[in-house]
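The values are calculated or read from the model by the stated rules, or taken from the named source; none is laboratory data. Computed from a prediction, not measured in an experiment: that's the story for all the values here. Note that each Cβ is placed from the backbone with ideal geometry, even for glycine, and that neighbours are counted across all protein chains shown. Remember, those area values only see protein heavy atoms, side chains included, never the ligands or the DNA or RNA. Shrake-Rupley method; radii C 1.70, N 1.55, O 1.52, S 1.80 Å.
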Amino acid sequence: MRRWRTLLATVAAAFTAATMGVLVAPTSAVADDVTPYVVGGTRATLGEFPFMVRLSMGCGGALYSSTLVLTAAHCVSRTGANTSITATLGAIDLQSSTRVTRKSNYVYRAPGYTGAGDDWAFIRLASPVTGIATLPIATSTAYDSGTFTIAGWGAASESGAQQRYLLKATVPFVSDTTCNSSAMYGGEVIAAEEICAGYTAGGVDTCQGDSGGPMFRRDAANAWIQVGIVSWGDGCARPNKPGVYTQVSYFSSAIRSAATSLGG
Ligand code: ARG
């Protein structure tokens, strides 16, 4: 069954005190890893992924424009005025004295969202940020394969704590056919709207608190381009349970229209 609804509640609770990082990794890697709380992922460096955003409800996001953060629908409650969210940008350390923060003034949740599919939303910042690079979205399926980068401040293991420092990892594309096979999600994945990524053996994945953050890769010009939005998975980094991401290319027209309607 789909697990992200349960995970979201976990995230919100876990985040109260929280602040940090990401992914989970293979048991085989653990023995060699002297940093016990980062398994499968490693720490990102300042400026490596400038578009990464941490949202105060315990989700990730990507800077789409100077005032808009693209995140997951399941990270927000509804469309409308909302001044309750704080976005943290321009930092890998969420406690950095040089971090940039902004309050939200509006939330736009994908109109079709009812709990499955359509898992995207915008947070509009009360004032624009300057000097922070944005992450362009994929507008065709050209980049919906290959190797993807994932990053976030979510749990470093199932039921683990949120992270203070941004973590990153790479995961390979998993086809809809494979991802929906009986060995994996047995038809639970909405093929047109979702894209899977991860290792059959497990070990590297996004996890609770990474939701809403981007999955991205290099485009033909070697620039980062957003292919996915962290959406759901069965546990984290389990064998045969890849991460499931909103397929950004499928929603690109709707995302662009929404951005225009929100003032860019
Ligand atoms: N829904 C989770 C969240 O709110 C993210 C789940 C991602 N899970 C995974 N195995 N990739 O943070």
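Cβ separations smaller than 6 Å between residues 6+ apart or across chains give the following pairs from the range 98-110 residues that are within 23 Å of PHE251 (Cβ to Cβ) to residues that are among the aromatic types (Phe, Trp, Tyr): TYR108/PHE122; ALA110/TRP120.
Take the range 208-234 and flag every residue that is of a type in the set (S, T, N, Q) and open to solvent by less than 10 Å² (accessible area, probe 1.4 Å).
Filtering the range 208-234 for residues of a type in the set (S, T, N, Q) gives 208, 211, 222, 226, 231.
Across the range 208-234, the qualifying residues are GLN226, SER231.
Note on the range 111-139: residues that are under 24 Å from ALA169 (Cα atoms) and either more than 16 Å from the ligand (Cβ to nearest atom) or open to solvent by 50 Å² or more (accessible area, probe 1.4 Å) (or both) amount to 8. Out of all the residues in the range 58-78, which are β-branched (Val, Ile, Thr) and assigned to a strand (DSSP E or B)? VAL69, THR71 - these are the residues of the range 58-78 that are β-branched (Val, Ile, Thr) and assigned to a strand (DSSP E or B). Report, by residue number, each residue of the range 238-264 that is within 15 Å of VAL174 (Cβ to Cβ) and among the hydrophobic types (A, V, I, L, M, F, W, C). Within the range 238-264, just VAL244 meets the criteria.
Among the residues of the range 150-169, how many are closer than 19 Å to ALA201 by Cβ and either in a helix (DSSP H, G or I) or modelled with pLDDT of 95 or more (or both)? Of the residues in the range 150-169, 2 are closer than 19 Å to ALA201 by Cβ and either in a helix (DSSP H, G or I) or modelled with pLDDT of 95 or more (or both). Taken together, the residues in the range 148-201 that are within 20 Å of ALA62 (Cα to Cα), open to solvent by less than 50 Å² (accessible area, probe 1.4 Å) and polar (S, T, N, Q) amount to 3. Filter the range 235-263 down to the residues that are within 16 Å of the ligand (Cβ to nearest atom) and among the basic types (Lys, Arg), then identify the one that is least open to solvent (accessible area, probe 1.4 Å). Out of the qualifying residues, it is LYS241. Among the conditions (1) loosely packed, with under 14 Cβ neighbours inside 10 Å; (2) within 30 Å of TYR199 (Cα to Cα), HIS74 misses just one, which is (1).
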